[in-house]
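The values are calculated or read from the model by the stated rules, or taken from the named source; none is laboratory data. What you see is a predicted model, and the numbers here were worked out from it, not measured in a lab. A quick note on method: Cβ atoms are made from the backbone with ideal geometry, for glycine too, and the neighbour counts reach across all protein chains shown.
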Amino acid sequence: MQDDRISIQHNPDPAGIARTPQDFLRQLDGPTLIVVDGEDNDRCRALSTLLHGNELSGLRALHGWLRRGERPRVRMLLFILSVSTALADPLFSHRQLPGERDINRCFRPPFGDRPGRVAEQLLELLEEYKPECMIDIHNTTGMNPAFGVATHEDPAHEALVALFTRRLIITDIRLGALMEISRPEFPVVTIECGGNRDPAADRLAVQGVLRYLQQDEVLQLPAAGLHLDLYHHPVRLELSPETEIRFADEPDPDADITVPRHLERYNFGQVGAGTFLFWLGPRGRSRLRLRDASGAMCCRNTSTASATASMRPSRSSFSWSPTIP
Ligand SMILES: [Zn+2]
């Protein structure tokens, strides 16, 4: 397996594709681009999935579609990159390989390490094929509704997200994620299909991928308009690498942060000021960092009130959505 080179396959024979997603991945020679010719090969679209080895909804949708041998509307570039990560033991449990960078933080220089070299090749292949747009499909780790993330707010980005979901986060935070290469003439969006163990996320991926593959136009909103829930200017709550974190229903005295199991119920909900979120140990507050687009350290002013109390946002309420595309 050449693990830092992207292998390219053209129009794979559906009969030769293994029956299960894991056996299909074992057939691939490391990071792979599958090019499937369409009805109109003057046009081209790109799709990426499995940047994270434990997020399978997009892979399952693509695998099922490739086995059916259907022809897409336009030529498709299907990127399946983190093959060795997904196949590392235990199967489908690693977001990235231990000791490596998250490849979805590598789509900007420097490209010197293995995930960086793979990311750089993807960018070169996009330059070569010049697709009209790109979708990058992920899952969240916890239970979530589906949502899209984009760096631009315009009808083309909204139309791409609306193939899958009606929730869209417009982010101005820059991390080196694939969607950050988006520009008005080449829209790129992230789709978070829902939780990585949620069958509903798999179904949503199948339906959205089919629309993306089959529709003649994917960059225009319907003439009658569309209702989208838009979320602007997200902030990231980051933990320093040495943080001791526990998931438990009562505070762990050895932990910096103890997260109650019910925290997921706030996902995409409104959280009022004073709402209990998690317990902080003596060093807990110093482990937290709230980051916005400017990279500001805003945690100190938003007062994590005491060791046993909740994070209190500075505004009267905020929307809670664990977004890690
Ligand atoms: Zn992901």
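The single condition from (1) farther than 30 Å from Arg261 by Cβ; (2) within 15 Å of the ligand (Cβ to nearest atom); (3) in a helix (DSSP H, G or I) that Phe79 fails is (3). Has region 1-20 got at least one residue that is on the phi < 0 side of the Ramachandran plot, within 16 Å of the ligand (Cβ to nearest atom) and in contact (Cβ under 8 Å) with a residue 40 or more places away in the chain? No; the residues of region 1-20 include none that is on the phi < 0 side of the Ramachandran plot, within 16 Å of the ligand (Cβ to nearest atom) and in contact (Cβ under 8 Å) with a residue 40 or more places away in the chain.
On the basis of being at pLDDT 95 or above, more than 28 Å from Gln207 (Cβ to Cβ), touching a Phe, Trp or Tyr at 6+ places or on another chain (Cβ under 9 Å) and not charged (D, E, K, R), does Ala119 make the cut? It would help to see each step written out before you state the result.
On the way: at pLDDT 95 or above: yes; more than 28 Å from Gln207 (Cβ to Cβ): yes; touching a Phe, Trp or Tyr at 6+ places or on another chain (Cβ under 9 Å): yes; not charged (D, E, K, R): yes.
Here the answer is yes, as Ala119 does meet what is asked.
On the given criteria, is Val209 in the same structural domain as Gly142 (by TED's automatic domain parsing), assigned to a loop (DSSP other than H, G, I, E, B) and not basic (Lys, Arg)?
Details: in the same structural domain as Gly142 (by TED's automatic domain parsing): yes; assigned to a loop (DSSP other than H, G, I, E, B): no; not basic (Lys, Arg): yes.
Here the answer is no, as Val209 does not meet what is asked.
The rows are residues; the columns are (1) among the polar types (S, T, N, Q); (2) away from the ligand (no atom under 16 Å from the Cβ); (3) outside any helix (DSSP H, G or I).
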site: Gln22; (1), (2), (3): yes, yes, no
site: Gly30; (1), (2), (3): no, yes, yes
site: Gly38; (1), (2), (3): no, yes, yes
site: Asn41; (1), (2), (3): yes, yes, yes
site: Ala46; (1), (2), (3): no, yes, yes
site: Trp65; (1), (2), (3): no, yes, no
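Taking region 31-53 as the range and being of a type outside the set (A, V, I, L, M, F, W, C) and surrounded by fewer than 21 Cβ atoms within 10 Å (Cβ to Cβ) as the test, the residues that pass are Thr32, Asp37, Gly38, Glu39, Asp40, Asn41, Asp42, Arg43.
Quick check on this structure: which one of Pro131, Pro98 is touching a residue at least 40 places away in the same chain (Cβ under 8 Å) and over 18 Å from the mean Cα position of the chain (by Cα)?
Every option except Pro131 fails the conditions.
Among the candidates Phe24, Phe111, which residue alone is surrounded by 15 or more Cβ atoms within 10 Å (Cβ to Cβ) and without any contact (Cβ under 8 Å) to a residue 12 or more places away in the chain?
One residue alone meets the criteria, Phe111.
Within region 155-194, the set of residues being in a strand (DSSP E or B) and in contact with a strand residue (DSSP E or B) (Cβ under 6 Å, 6 or more places away or on another chain) comprises Arg167, Leu168, Ile169, Ile170, Val188, Val189, Thr190, Ile191, Glu192, Cys193.
Of all residues in region 191-207, those satisfying the criterion of being within 14 Å of the ligand (Cβ to nearest atom), out of contact with any Cys (no Cβ under 9 Å at 6 or more places or on another chain) and not charged (D, E, K, R) are Ile191, Cys193, Gly194, Gly195, Asn196.
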